[in-house]
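A.B. asks: The structure that follows is given in the form of structure tokens.
The values are calculated or read from the model by the stated rules, or taken from the named source; none is laboratory data. If you're wondering where the values come from, they're calculated on a predicted model, not measured in any experiment. Cβ placement follows ideal geometry from the backbone for every residue including glycine, while neighbour counts extend to all protein chains displayed.
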Amino acid sequence: IGDCLRGRLNANEGHLHLGGIQDYINKITNADRILIIACGTSWHAGLVAEYIFEEFCRIPVEVEYASEFRYRNPVVGEKDVVIAISQSGETADTLAAIELAKSKGATILGVCNVVGSSIPRATHAGSYTHAGPEIGVASTKAFTAQISVLAMMALMIAHKKGAIKESVYRNLLLELDAIPDKVAKCLDLNPQIEIISEKFKNATNFLYLGRGYNFPVALEGALKLKEISYIHAEGYPAAEMKHGPIALIDENMPVVFIATKDGSYEKIVSNIQEVKARKGQVIAVVTEGDTEIGSMADHIIEVPAAHEALMPLISVVPLQLLSYHIAVMRGCNVDQPRNLAKSVTV
Ligand code: F1P
């Protein structure tokens with residue numbers, strides 16, 4: 001994240017600049033709609049971006065799997081700005097979706113990690129994430145770097161549009177600047193997360209629940225566990241629990257709540273109570289110093305406080321570590337999971 005912010009953000013001077021999209025800034029600011037297309041983890045980063053763009057830019061955003069978009073007849077045109085997100089820059093579904101949107105006249109921006117890869121070459125403009133090489137197949141730092149770039153894009157556009165108060169903008173820049181140190185603090189939680197992982201390494205199912213900005217984090221936590229430990233896991237918006245997944249909860253179901261302090265905190269506290277009433281085992285990622293959830297959950301993981309829009313950058317880290325330790329304890333190859341390829345080029 002530090003590499004991604006460097007040279008682009010100077011929070012103390014209120015400066016934020018993504019050179020790669022400079023020529024298209026008016027086009028984006030005046031877009032009728034932003035359409036985000038991606039696959040896998042990159043799609044989850046796109047969901048976080050949807051919430052940030054809509055909150056601060058007040059531009060409607062849709063997020064779609066590239067693998068669906070490419071095979072249907074979507075309504076897309078010249079006033080749409082499409083953001084394609086991809087770690088590898090080679091994902092065949094995302095490339096095909098770009099070509100389709102381009103043929104209908106949309107402006108295409110890329111958010112990719114691998115410099116000179118096919119997707120950045122197929123787009124009109126974009127920003128690299130500068131996450132460095134990803135050694136493992138499952139995306140981890142790519143996710144946080146993608147959200148960092150997308151948050152910068154959204155703030156730049158919100159500022160240009162005058163859709164955000166100067167004080168809110170300045171505060172968000174400072175918040176963004178503080179993220180790398182907070183992520184480092186999350187990594188210090190590693191020994192504690194290893195102990196929790198030991199208790200759940202033999203589970204056969206996991207549920208991940210979050211609300212608001214932490215909902216895509218729930219999806220990503222579940223995907224990471226599936227990808228590297230082969231445990232069945234589902235991510236859901238916590239508010240959807242009562243519409244189905246609650247039927248799954250018993251004493252054998254670990255439920256990971258991403259329950260940091262934000263606008264939906266009280267609601268997620270009651271979701272935790274509902275799970276505890278059904279004897280589910282609760283692992284909760286909470287904001288440092290939270291005693292309310294601490295007294296209800298079986299295990300808590302305390303992370304530093306941050307602006308809720310940027311919290312996914314922090315709250316995902318313990319979930320990545322949890323998946324990592326469980327996978328290692330089960331003897332899985334975390335760098336090269338079975339059946340998965342780093343670049344899905346077919
Ligand atoms: C998309 C993706 C990754 C996943 C795996 C397979 O890749 O689904 O999120 O971890 O590597 O591909 P990309 O388009 O972001 O490179």
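A.B. asks: Among GLU90, GLU99, GLU68, which is surrounded by fewer than 22 Cβ atoms within 10 Å (Cβ to Cβ) and within 12 Å of the ligand (Cβ to nearest atom)? Steps first, answer last, please.
C.D. replies: Details: GLU99 fails: within 12 Å of the ligand (Cβ to nearest atom); GLU68 fails: within 12 Å of the ligand (Cβ to nearest atom).
The match here is GLU90.
A.B. asks: OK, next. Taking region 324-346 as the region of interest, how many residues are among the hydroxyl-bearing types (Ser, Thr, Tyr) and within 12 Å of the ligand (Cβ to nearest atom)?
C.D. replies: Of the residues in region 324-346, the ones among the hydroxyl-bearing types (Ser, Thr, Tyr) are 324, 343, 345.
Still in the running and within 12 Å of the ligand (Cβ to nearest atom): 343, 345.
Total satisfying the criteria: 2.
A.B. asks: I've got another one for you. Among the listed residues GLY263, GLY289, which satisfies the condition of being farther than 24 Å from ILE52 by Cβ and surrounded by fewer than 16 Cβ atoms within 10 Å (Cβ to Cβ)? Break it down stepwise before answering.
C.D. replies: Details: GLY263 fails: farther than 24 Å from ILE52 by Cβ.
Matching residue, one of GLY263, GLY289: GLY289.
A.B. asks: While we're here: Being without any contact (Cβ under 8 Å) to a residue 12 or more places away in the chain and either within 16 Å of the ligand (Cβ to nearest atom) or farther than 16 Å from LEU219 by Cβ (or both) is true for just one of VAL61, VAL75, VAL48, VAL82. Which residue is that?
C.D. replies: Numbers: VAL61 fails: without any contact (Cβ under 8 Å) to a residue 12 or more places away in the chain; VAL48 fails: without any contact (Cβ under 8 Å) to a residue 12 or more places away in the chain; VAL82 fails: without any contact (Cβ under 8 Å) to a residue 12 or more places away in the chain.
It is VAL75.
A.B. asks: So which pairs qualify, if the first residue must be in region 151-180 and over 16 Å from GLU55 (Cβ atoms), the second must be small (Gly, Ala, Ser), the Cβ gap must be under 7 Å, and the two must be at least 6 apart or on different chains?
C.D. replies: If the second residue must be small (Gly, Ala, Ser), the pairs left are ARG170/GLY14; LEU174/ALA11; ASP177/ALA11; ILE179/ALA306; PRO180/GLY2.
A.B. asks: Looking at region 215-246, which of its residues are crowded, with 18+ Cβ neighbours inside 10 Å and among the hydroxyl-bearing types (Ser, Thr, Tyr)?
C.D. replies: Within region 215-246, SER229, TYR236 qualify.
A.B. asks: For the condition touching a Ser or Thr at 6+ places or on another chain (Cβ under 7 Å), farther than 25 Å from LYS165 by Cβ, assigned by TED's automatic domain parsing to the domain that holds LEU155 and more than 14 Å from the ligand (Cβ to nearest atom), what is the one hit in LEU35, LEU109?
C.D. replies: Values: LEU35 fails: touching a Ser or Thr at 6+ places or on another chain (Cβ under 7 Å).
The conditions single out LEU109.
A.B. asks: Just one of ILE25, ILE37 is crowded, with 19+ Cβ neighbours inside 10 Å and in contact with a helix residue (DSSP H, G or I) (Cβ under 7 Å, 6 or more places away or on another chain); which is it?
C.D. replies: Numbers: ILE25 fails: crowded, with 19+ Cβ neighbours inside 10 Å.
Residue meeting the stated conditions: ILE37.
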